[in-house]
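A short write-up of the structure that comes next.
Derivation of every value follows stated rules applied to the coordinates shown; laboratory data play no part. Here the structure is a predicted model, which means the values were calculated and not measured. Quick reminder, even Gly has a Cβ in these numbers, built from the backbone with ideal geometry, and neighbours come from all protein chains shown.
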Amino acid sequence: MDISLQLSIKFINELIKIVSPALVKHMERTAIVAMELCDYLDLSKEQQKNVYIAALLHDIGELIDIRTREYGDFHSNNELHQRYTYNMLNGLDIFEQTKAIVYTRRAGYEDKHQQEKAILSFCDRFEYDLRLYPENLASCSEDICNGFAERYSDYPAEFYDFLNTVSQREYFWFRLQTDNIPRVVNVISPIKVIHLDIDDFQQICTLIARIVDTHSGFTAAHSMTVGLVARELAYYSGMTSYDQQRIEIAGYLHDIGKLYVPINLLEKKSALSRKEYSMLKEHSYKTAEILSVVAELGEIAAWAANHHERLDGSGYPYHLNRIYLDIPSRIVAVADFFTALTEVRPYRGPLSIQDALDIMDKAVEDGSIDGEIVALLHQHKEAFYTIVNQAREGGRALVRDVASIP
Ligand SMILES: [Fe+2]
Ligand SMILES: [Fe+2]
Ligand SMILES: [Fe+2]
């Protein structure tokens with residue numbers, strides 16, 4: 001598989017946009033200003049690439065408690081959110097530089113990313129200031145630049161020279177207009193020619209799983225766990241490591257449609273009305289819809305989107321049956337079913353592995369899920385028990401261990 005880094009980052013932003021368009025607008029505008037400043041300062045290609053990615057992801061930590069806050073306070077100088085962002089990117093090689101840059105509050109700027117951090121901090125604050133002005137920014141460009149310089153005086157002198165220069169350049173302000181932003185972000189991208197292999201793309205999808213999993217406290221590690229369980233099932237089924245990896249990715253992506261489901265519905269303790277249940281069911285249809293635009297995913301899209309389909313045609317949303325459901329789709333469905341049973345739900349506690357397997361055996365008898373795959377869960381019960389627990393602990397740590405970051 002071959003996918004560009006640009007498309008991958010854009011895809012992440014499209015998903016965040018479902019939950020918070022305002023957050024994405026802030027990060028995109030920060031990136032636009034940052035690329036202009038990088039250009040002005042004549043930064044290396046490598047630095048430009050790092051700043052661009054960092055700007056487009058710098059506030060993803062906000063997603064962890066976005067529901068509890070009022071609209072629009074995406075100021076990255078909030079240290080707690082920087083720590084959350086750091087945690088979301090942590091452990092993913094592809095975001096190693098990004099992680100270092102977004103964490104601008106780390107004591108002193110005295111490290112090799114000093115300049116990128118200063119640029120990000122400056123552009124983040126600048127974007128924040130833009131909200132004080134009417135939508136036609138070009139008409140008040142000098143006021144914006146002067147006002148910013150009055151409020152903040154702690155950046156290198158050439159940053160203020162940059163403001164003087166751009167205050168006279170109309171295109172700069174046009175690019176920051178709401179209608180133009182999504183296109184401009186692509187136009188100015190320094191990462192268009194970078195292509196990812198499946199290992200890199202798997203890390204992109206790990207970040208996506210983390211984003212989806214933070215959406216509801218009840219599913220703190222659900223996508224991650226489904227991905228890992230699905231991979232293990234693929235391994236025991238004798239699949240190639242390439243297919244194992246693609247199935248793992250399908251697991252990470254399977255519930256992205258849940259980003260559309262209102263949080264109070266996901267966490268409702270009492271029985272759902274017919275209308276609410278159908279809203280909930282829409283999530284796997286949404287997964288199909290979102291993934292269908294990423295042609296590079298190939299079969300992975302269907303494997304992810306089919307997770308609520310059943311062999312006897314009793315699933316949803318397409319009511320596919322055993323003729324249409326291939327082994328990878330069946331594996332993701334079993335991994336999702338199994339993981340869900342072992343997780344806390346608003347209306348029940350987690351089931352033990354044995355109780356979960358009993359319920360799954362019943363589903364095998366009814367003809368709705370694949371007996372050979374469920375047999376693998378039985379055979380390797382201990383291994384799956386470990387995976388489920390480790391993944392869940394990892395999900396908790398993501399939110400909990402914010403204080404221990406250096
Ligand atoms: Fe920010
Ligand atoms: Fe689902
Ligand atoms: Fe799921």
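A few comments on the model shown:
- Each 10 Å bin from zero holds the following percent of Cα-Cα pairs in region 230-285: 23, 33, 23, 20, 2.
- Value of [θ]222 nm, deg cm²/dmol, for the chain, DSSP H segments ≥ 4, -39500 (n - 2.57) each, nearest 500: -19000 deg cm²/dmol
- Positive-pole candidate from Ile204, Ile188, Ile3, dipole of the chain, charges at beta carbon: Ile204
- Using a Gaussian network model of the chain in which every pair of alpha carbons under 10 angstrom is joined by a spring, one finds that among Gly349, Gly371, Gly91 the greatest mean-square fluctuation is at Gly349.
- Folded to 0 to 90 degrees: helix 353-365 orientation relative to the chain principal axis, Cα: 60
- Dipole orientation for the chain: of the candidates Tyr160, Gly91, Phe384, Phe384 has the Cα lying most toward the positive pole (charges on Cβ; Lys, Arg +1; Asp, Glu -1).
- Extending 7 Å from the Cα toward the beta-carbon at both Asn180 and Glu289 defines two label points whose distance is 3.1 nm.
- Gain upon complete extension [Lys268, Tyr152; 0.36 nm per residue less C-alpha separation]: 37.2 nm
- Charging the Cβ of each Asp and Glu at -1 and of each Lys and Arg at +1, and nothing else, the dipole of the chain about its Cα centre rounds to 880 debye.
- Dimensionless Rg/Rh of region 197-400 - Kirkwood Rh, Rg from C-alpha atoms: 0.93
- Positive-end residue, region 198-316 charge dipole about Cα centroid, Cβ charges, pick of Gly313, Tyr277, Leu291: Tyr277
- Based on the Stokes-Einstein relation at 10 °C and a viscosity of 1.306 mPa s, and on the Kirkwood radius from alpha carbon pairs, region 14-194 is assigned a translational diffusion coefficient of 96 µm²/s.
- Fraction of the pair-distance distribution of the chain above 29 Å, Cα-Cα pairs, percent: 47
- Chymotrypsin sites (Phe, Trp or Tyr not before Pro) within region 344-391, DSSP loop, no more than 14 other Cβ atoms inside 10 Å: Tyr347
- A Gaussian network model of the chain, with springs between Cα atoms under 10 Å, assigns the largest mean-square fluctuation among Ser368, Ser139, Ser223 to Ser139.
- Here the Gaussian network model covers the chain, with springs between Cα atoms less than 10 Å apart; of Asn306, Asn50, Asn146, Asn146 fluctuates the most.
- Calculated FRET efficiency for the pair Arg345/Thr165, C-beta based, R₀ 45 Å, to 0.05: 0.20
- Axis of helix 327-341 versus longest Cα principal axis of the chain: the two differ by about 90°, to the nearest ten degrees.
- The orientation-averaged projection of the convex hull spanning the C-alpha atoms of region 115-239 amounts to 11.8 square nanometres.
- About its Cα centre, the dipole of region 14-194 is roughly 500 debye, where the only charges are +1 on Lys and Arg Cβ and -1 on Asp and Glu Cβ.
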